[in-house]
Amino acid sequence: MDEVKITVRDFDFYYGTNKVLHAISLDIPKNRVTALIGPSGCGKSTFLRSINRMNDIIPGIRVDGKILVDDVDVYGSGIDVVSLRRRVGMVFQKSNPFPKSIYENVAYGLRINGLRDKRKLDEAVSRSLDRAALLDEVKDRLNASALALSGGQQQRLCIARALAVDPDVLLMDEPASALDPIATQKIEELVFDLKKNYTIVIVTHNMQQAARVSDRTAFFMLGKLVEYDDTRTIFMNPSVKLTEDYITGRFG
Amino acid sequence: MRKFKSNLIVALCGASVLLALVPLAMILFYVISRGFSALNWAFFTQTPKPVGEAGGGMGNAIVGTLILIVIAGVIAIPVGVLSGVHLAEFKGTRFSSMVRFAADVLNGVPSIVIGIFAYAIIVLPLKRFSAIAGGFALAIIVIPVVARTTEELLRLVPGGLKEAALALGATRAKAMFSVILPAALPGILTGILVALARVAGETAPLLFTAFNNRFFSTNVTQPIGSLTVQVFTYALSPYDDWIRQAWAGALVLVTMILILSIIARVATRRLERMARG
Amino acid sequence: MLRHFDREIDQLKELLLRMGALVEDQINESIRALLDRDSAIAQKVIDSDTAVDQMELDIDQHTIELIATMQPAAVDLRFVAAAMKITPELERIADLAVDVCERAMELNAEPPLKPLLDIPRLARMAQDMVRQALDAFVRRDTALARQVIDRDDQVDLLTEQSFRELLTYMLEDSRNISRAIRLTFVNKYFERMADGATNICEMVVYLAEGKVIKHSGHHDAE
């Protein structure tokens, strides 16, 4: 087993009195891609957003159990949510670049961190764009508006923006679901490359995508973790009948 | 038959539009035709002449109106925008729904009442009319408009931007002021300019706050002339020359408001284009 | 753009080539065991067969994983399908080499029936065809594949000729029968190796052009 980056133990999640995650326990390996799959409303996105506490903005939520990133409980007392989110970056389903220049988008996380040094910012911006496989396409127009980029480019810009603050973990919430097949493939290749340096957790509705990019796959249903195993095992010989029904499309 | 009905309704709509446009066209026609003849260089540079003397102008009132607008803006923009930010950010709380209701009520309060209010809390304690009091009264009219415009426009900013900022480690305040507010800025700016243009045409709240001043003054603690009050005074006078000047004043006022509105549009479009690239 | 999938495909190709090289080796050694009447070599070939079998299992595993995780399409799909059909072909060829060695060990226990002439030619031809089939696969060279397929006719002729010669030995003297029958078997084994090479070449054409030329009677050569 690879080194564990995120440990989840008996994690429950409530919206008000509605329990949407039931006793989730799993270990997410370091520098691997872990895919979360399952039908809509199965809780996979809620779980993903629990890791960097993005759910905190929703009023009336409550959690139980533990999520440890590098052995530190993210819901523990004395945890600084802001610094947690700098270590655990996130990319969303809908690309959401700020209405600023390409440069300012990528530099944003560093600027709010207090980095002022122009040279360091320049370096970080081009390094992040390069890692997100976007540098070649935009290096001549860093001051152009980010909104002028294509959908696929915008999503890679959002990835670059998340990478700029140098997180260890990258959470991706259906990052390619709004993109065409070519742009999707670029994102998938990117995910595959990024796992050398980052621990990636990706939510996807697209099972083939999970099969292609991930090393481990977790299948969620009705707020429960049904099966969690090597992606190859899940897709070739899952041990739970429900998983098999889902991935073979016999769901009903 | 159905076609006939449809045509009838289209025709009715067209007629209504015409009906609405006629007064506007007539106002513009009257103001321009009557006002233009009284316009000359002296009108812009000179102050009013004593009764009986011909000539003079409204230079002091033009500057006065500008000063009043600036004072109103300086007070109302920060207060209005920050209130709007609060309303948008804490939209579900009881406090914010109270504030929202209060703003809507304030928006409907007759401007003369606001004038009395400013008179009571500024003019009476200081024992004199002043530009500050006038600007304050105008600001009170502007604040609810700016606050509600800001709130609505902030709500139109896609939630994804806030999430993205928070996910990058921004605090709520940082996300608001570095991402969400700038994204809504073009619209907010329009709202501010339109609101200021509206109060530039207010007379009632100025009557017993800024009062009037026949002389050229930039001292904000002194009474100050304004185009609206000057036009009001002159239009009611029995002197032909003053009445002609009142028309000219009206023309200048309408032009100023028009220019402000145009600036609002152009600036908005330019800002939006800058954001979109 | 280099796809991560391409790396997986390359790995699979690499595995197939290693298996191919091992099988070629097995053929070569089986020929030596037969011609040099060397039972030690024959035994070595028989022992190495498990390595070939293991490679077949590895490749199967790899191809199934590729299908499960990558959902190959078009040329990628044809490649994976070709790999799945080529592997058992290679495994069968290796088994035939083992059969040759088993017959060789039996023959070595008795004096030679006759100087071998046609069988070595046939063996070299079969060996050559297997090597060329693998080359054609690696380079997706359909011209070479079609050449190999065409040579199968010569192999058939040579097999027939060799069989008739062995038949005369059997008719001549009944004590020759057991050795002649063993040689007939060997004869047939090499012919089947050549058939295997032909099948591989048909997969190469399918892989490169998407055309099925199997069972079509003509090879559709330009």
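The values are calculated or read from the model by the stated rules, or taken from the named source; none is laboratory data. Given the structure is predicted, the values throughout are model-derived calculations rather than measurements. Positions of Cβ are generated from backbone atoms using ideal geometry, with glycine treated the same way; all protein chains shown enter the neighbour counts. The accessibility values were calculated without ligands, DNA or RNA, using every heavy atom of the protein model including side chains. Shrake-Rupley method; radii C 1.70, N 1.55, O 1.52, S 1.80 Å.
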(message) Report the A-B buried area as the accessible area lost on both sides summed, probe 1.4 Å, in Å² to the nearest 100.
(response) 1800
(request) Please sort by residue number the chymotrypsin sites (Phe, Trp or Tyr not before Pro) in segment A:196-228 whose DSSP state is loop and whose Cβ has at most 16 other Cβ atoms within 10 Å. (result) none
(request) Rounding to the nearest 20 debye, state how big the charge dipole of the protein assembly as shown is about its Cα centre with +1 on each Lys and Arg Cβ and -1 on each Asp and Glu Cβ. (result) 5780
(request) Let me have the relative contact order for chain A, percent, based on Cα pairs under 8 Å that are six or more residues apart. (result) 27
(message) What number comes out for accessible area per residue over segment C:1-136 if the probe is 1.4 Å? Units Å², please.
(response) 42
(message) If you filter segment B:142-226 for chymotrypsin sites (Phe, Trp or Tyr not before Pro), then keep DSSP loop positions with at most 11 other Cβ within 10 Å, what is left?
(response) B:215
(request) Sequence neighbours fewer than 8 away in the same chain don't count; with that in mind, list the aspartates and glutamates whose C-alpha is under 19 Å from residue A:241. (result) A:227, A:229, A:230
(request) Provide the FRET efficiency to the nearest 0.05 for the residue C:50-residue A:66 pair, computing r from the beta carbons and using R0 = 35 Å. (result) 0.10
(request) Report the semi-axes of the equivalent ellipsoid for chain C in whole Å, largest first, where each axis is √(5λ) for an eigenvalue λ of the Cα gyration tensor. (result) 36, 20, 11
(message) Taking the Cα centroid of segment A:57-101 and of segment C:108-181, what is the distance between the two, rounded to the nearest whole Å?
(response) 71
(message) Rounded to two decimals, what is the ratio between the C-alpha radius of gyration of segment B:1-150 and 2.2 N^0.38 Å?
(response) 1.54
(request) Would you list which aspartates and glutamates come within 12 Å of residue B:162, measuring only between C-alpha atoms, while excluding same-chain residues fewer than 8 positions from it? (result) B:89
(message) With the alpha-carbon atoms as the only input, what is the per residue convex hull volume for chain A in Å³?
(response) 130
(message) Taking the 0 to 90 degree range and rounding to the nearest ten, how far is the long axis of helix C:39-70 tilted relative to the main principal axis of chain C, both from C-alpha atoms?
(response) 20
(request) Could you please state how large a percent of the accessible area of the protein assembly as shown is carbon and sulfur, counting protein chains only and using a 1.4 Å probe? (result) 59
(request) Find the lysine pairs in chain C meeting two conditions, Cα atoms under 29 Å apart and a separation of 8 or more places or different chains, and report how many there are. (result) 12
(request) Take the alpha carbon atoms of segment A:13-38, find their center, do the same for segment B:30-83, and report the distance between the two centers in whole angstrom. (result) 66
(request) Sort B:41, B:242, B:247 by accessible area with a 1.4 Å probe, largest first. (result) B:41, B:247, B:242
(message) Rounded to the nearest 5, what % of DSSP beta bridges with both residues in the protein assembly as shown are antiparallel?
(response) 60
(request) Using only the C-alpha atoms of the protein assembly as shown, find the volume of their convex hull and express it per residue in Å³. (result) 292
(message) Taking 24 Å as the cut-off for C-alpha to C-alpha distance, list the pairs among A:94/A:120; A:224/B:91; A:5/A:224 that go past it.
(response) A:94/A:120; A:224/B:91
